[in-house]
1. Which members of the stretch 290-310 meet the condition of being touching a helix residue (DSSP H, G or I) at 6+ places or on another chain (Cβ under 8 Å) and in a strand (DSSP E or B)?
2. Scan Ala11, Ala87 and give me the residue that is at pLDDT below 50 and either of a type in the set (Gly, Ala, Ser) or touching a Pro at 6+ places or on another chain (Cβ under 6 Å) (or both).
3. Find the residue count for the stretch 251-282, including only residues that are under 24 Å from Gln221 (Cα atoms) and part of a strand (DSSP E or B).
4. For the stretch 234-257, enumerate the residues that are of a type in the set (S, T, N, Q) and either surrounded by fewer than 19 Cβ atoms within 10 Å (Cβ to Cβ) or at positive phi (or both).
5. When you scan the stretch 294-320, how many residues do you find that are modelled with pLDDT under 90 and more than 20 Å from Asn252 (Cβ to Cβ)?
6. Is it true that Thr313 is in a strand (DSSP E or B), of a type in the set (Ser, Thr, Tyr) and either surrounded by 14 or more Cβ atoms within 10 Å (Cβ to Cβ) or not assigned by TED's automatic domain parsing to the domain that holds Ala46 (or both)?
7. Being at pLDDT 95 or above, in contact with a Phe, Trp or Tyr (Cβ under 6 Å, 6 or more places away or on another chain), acidic (Asp, Glu) and buried (at least 19 other Cβ atoms within 10 Å of the Cβ) is the requirement here; does Glu178 meet it?
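The values are calculated or read from the model by the stated rules, or taken from the named source; none is laboratory data. Just so it is clear, the model here is predicted, and its values are computed rather than measured. Note that we place each Cβ from the backbone using ideal geometry, even for glycine, and neighbour counts take in every protein chain shown.
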Amino acid sequence: MRGPVALLVFAALAVGLLSVSDARDVRGRLMRFVPTRANFATEHVASMVRPVTYGDLRCRSSAIDDCVVANMPLLGQMDPRLQAPLATYSSRYAVNSGPNRGEIIWSEPQFGIGPTPYAPTDFANNIMGNGCYITSLTTLEVAALANQTVAPTARARTLAQIDAGALMPGDASINRLEWQYRRWADKLQPNLTDPSQPSSPDFLELEEFAGDFPLGSVAFQDYPNPGVLSAASLVSGMQGGATYLIAFQRYNVTFASTRDAVRVHLALAYDSHHKIAVSGFQPGTYPILINDVGNGRRYRVRLTTDVHSIPFTETVSGHTRTMPSSEVMLDIPTGYPPGPRLYLVYEGADGVAIGNGGQLFVVEDIQSLTVGAPYRPPPPPRGGHTPI
């Protein structure tokens, strides 16, 4: 079906991962945005006892080494409460006559993708299923609105004025996500000024959101080469008022047909894309806390440029062994993000089971939203583990 591919390409373009020319190339293959499955990895239940306030962080102690971003909601892109209101809203665009009567016609003329009909409920499900970027950026924007005392203008002000129950039952956060989804649904309106392009507006991206605040109060930054970053970079950034959105690709890992006398070659096959919001940090092997919008759960993760720090396992005759890192050689596929490559590893899902559903997560872009502060004392010296 061309319709889902259209939505997927648009989502990739929105996060800045694809140029227009790249998007035209990608349109020919199946590009998937897949929510995180329900029981993936080890869910983290964060402590509510965080008595120390440091900027927009709430921390366990004055060491400022175990903190969460204040007022950051835990949102799920597939929250069932969103579907019916979104389908009802989108029904305003259903055609009134002809063979597609009652259906919504989606089209992305900027990519040469023609009209595709959807039933309103299917249209809403499609938006939600591909909504990891919208949900992640809304997570960061809701926190920024709560943590910044300077009032925004333009569409960020409109987002800020959406309160609990404004569009659907629920708190302000879920209503603001509904508003963002509706803006994406609005994208299909006929553009009478330029029929070759989709209509505006669509959802409020981080760069536009930051631009709706006075200069210096909220800032946006994009890191299209995320391999230059580390967990320590993100921790330092959060201590300075930044929040982060991480975009990554999932690759299925199997044994490759390539052989040599020393190493075992592993083949990587693209599976899907996903995006998550960073919500805090803590000492330990998994120093970054994330809100995974794919299933509405919190996890601890680590970031590494050393693929050999990731255990690769094989199972033979019912026995599982971890392959020595010196034996592992990745056969890099076409389209794999350029190096240095940054890998994302979830606590409780560290190992990659070769040929048995194992996946490698490759970070392809990181974006940040920073809430400025007129005064921020330097953090006290920190002891113990330093995240890498």
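1. Asn291, Arg302, Leu303
2. Ala11
3. 9
4. Once the filter is applied, which keeps residues that are of a type in the set (S, T, N, Q) and either surrounded by fewer than 19 Cβ atoms within 10 Å (Cβ to Cβ) or at positive phi (or both), the stretch 234-257 yields Ser236, Asn252, Thr254, Ser257.
5. Residues in the stretch 294-320 being modelled with pLDDT under 90 and more than 20 Å from Asn252 (Cβ to Cβ): 3 in total.
6. Yes.
7. So Glu178 does not fit the description; no.
Rundown of residues vs (1) over 25 Å from Gln367 (Cα atoms); (2) touching a residue at least 40 places away in the same chain (Cβ under 8 Å); (3) not in a loop (DSSP other than H, G, I, E, B); (4) not charged (D, E, K, R), yes/no style:
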{"site": "Ser91", "(1), (2), (3), (4)": "yes, no, yes, yes"}
{"site": "Trp106", "(1), (2), (3), (4)": "yes, yes, yes, yes"}
{"site": "Pro115", "(1), (2), (3), (4)": "yes, no, yes, yes"}
{"site": "Ala124", "(1), (2), (3), (4)": "yes, yes, yes, yes"}
{"site": "Ala146", "(1), (2), (3), (4)": "no, yes, yes, yes"}
{"site": "Ala151", "(1), (2), (3), (4)": "no, no, no, yes"}
